[in-house]
1. Residues of the stretch 259-276 with the amide nitrogen closer than 18 Å to a label point 7 Å from the Cα of residue 176, along Cα-to-Cβ, please.
2. Which whole-number percent gives the relative contact order of the stretch 22-169, counting Cα pairs below 8 Å spaced six or more residues apart?
3. Would you list which lysines come within 28 Å of residue 231, measuring only between C-alpha atoms, while excluding same-chain residues fewer than 8 positions from it?
4. Report the full-extension gain for the segment residue 304 to residue 86: residue separation times 0.36 nm, less the Cα-Cα distance, to one decimal in nm.
5. From largest to smallest, what semi-axes in whole angstrom does the stretch 203-250 give when each is the square root of 5 times an eigenvalue of its alpha carbon gyration tensor?
6. Given 0.36 nm per residue, what is the gain on full extension from residue 25 to residue 266 after removing their alpha carbon distance, in nm?
7. Beta carbons within 10 angstrom, averaged per residue: use that to sort the peptides 253-264, 34-45, highest first.
8. Would you compute the Debye intensity of the chain from its alpha-carbon atoms alone, equal scatterers and no solvent, and pass along log10 I(q)/I(0) at q = 0.14, 0.16 Å⁻¹ to two decimals?
Amino acid sequence: MKNLTIIAMILLTGIIYSQTKKNGTIYEEHPAIEVAEQMQQAFIKGDTTTLKNLLADDFKAFNGMNTNPDNKGTDKATLLRQSIFWKNNASYLSIERWPGAYPDALEYKKDNKDDDVWVQTWDMLKGVHNETGVKLNMPLHRLFVINKDDKIKTMITYDDGTVFQTLRAGFTPRTNGTLYNQHDNINTVRNMVAALEHGDADKAFGYFTEDARFSNLDMPNGETSSLEDEKAGFLKMLESWDIESIDVRGYPDYLEYEIGNGKTVQSWWDFRVKRKSDGKKMNIPVLLIHDFNDEGEIMNETGYYTLAALMEK
């Protein structure tokens with residue numbers, strides 16, 4: 001039985017390898033790679049003289065994310081104008097190889113009567129659009145077809161189109177919901193803070209959902225705490241400090257967003273406290289951002305404050 005198993009494995013391996021067939025060569029270093037990378041650097045620099053020399057007369061550029069079957073691509077003259085546009089309308093433009101990646105040149109044998117070479121690149125595009133301030137910081141994948149005269153006749157680009165959507169949207173003012181200075185959710189925050197001022201932890205934290213999350217400037221970025229931990233921390237603070245008052249600065253705002261259907265109250269406060277051991281008084285400025293659900297409960301609290309000063313002697 002063991003011998004039959006070994007024979008079967010040998011036959012299976014032979015079948016698998018008999019189904020493979022080479023179709024050319026992949027190069028890590030190749031003159032076509034240099035042409036592709038020279039073209040990319042010339043484009044972001046607005047160097048149309050170099051671009052003219054690197055692009056074939058019948059050059060066409062395509063967006064790899066475009067699903068229009070009638071798309072005819074972008075010709076050489078249009079790409080030259082695009083290069084000038086980006087040179088004049090963006091700052092800090094750069095295209096660099098994606099860390100750890102490198103281009104490949106592929107010389108296909110089948111259906112390659114013109115001896116073209118394909119080059120595929122993995123890069124990072126960076127820059128800032130001058131008018132809108134939109135940041136370009138995205139992976140960029142391109143396929144180039146380079147003819148035997150070392151001219152680029154085709155370029156196919158894959159990038160993050162949502163960045164360009166944001167850029168285009170930046171030219172037209174639009175609203176994103178309604179801003180209130182009086183609202184039930186504002187009343188909830190006022191009542192919650194009033195309960196904190198009077199040391200009523202049960203009432204204060206009763207305005208939150210059971211799975212609410214909390215963060216502040218003392219926490220590492222991305223870290224949050226639970227409702228239970230936040231309540232325990234507040235009660236622990238009261239063992240050493242008295243809250244003399246919590247006074248609003250200006251007035252809270254309630255923002256009801258269209259995008260994402262967000263419901264947010266932002267409020268500014270002065271937390272005035274006194275240390276029980278020596279009577280030392282402190283005034284801690286606080287910005288609170290509370291996200292609400294549809295039932296008027298607080299789901300998240302982001303506190304722009306630090307309690308590090310309370311630890312000082």
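Values in this text are rule-based calculations from the coordinates and carry no lab data. Quick caveat: nothing in here was measured; it's all calculated off a predicted structure. No Cβ is skipped: glycine too gets one built from the backbone with ideal geometry, and neighbour counts run over all protein chains shown.
1. Counting backbone N atoms under 18 Å from the label point, the list is 259-267.
2. Numbers: 285 pairs, mean separation 40.6, N = 148.
Across the stretch 22-169, relative contact order equals 27 percent.
3. Leaving aside lysines fewer than 8 places away in the same chain, those within reach of residue 231 are 203, 263, 274, 276, 280, 281, 313.
4. On the way: separation 218, 0.36 × 218 = 78.48 nm, distance 3.78 nm.
Extra length from residue 304 to residue 86 when fully extended: 74.7 nm.
5. Details: eigenvalues 78, 42, 38 Å².
For the stretch 203-250, the semi-axes come out at 20, 14, 14 Å.
6. On the way: separation 241, 0.36 × 241 = 86.76 nm, distance 6.02 nm.
Result: 80.7 nm gained on full extension.
7. Numbers: 253-264: 14.2, 34-45: 18.7.
So the peptides 253-264, 34-45, ranked by packing, come out 34-45, 253-264.
8. -1.03, -1.23
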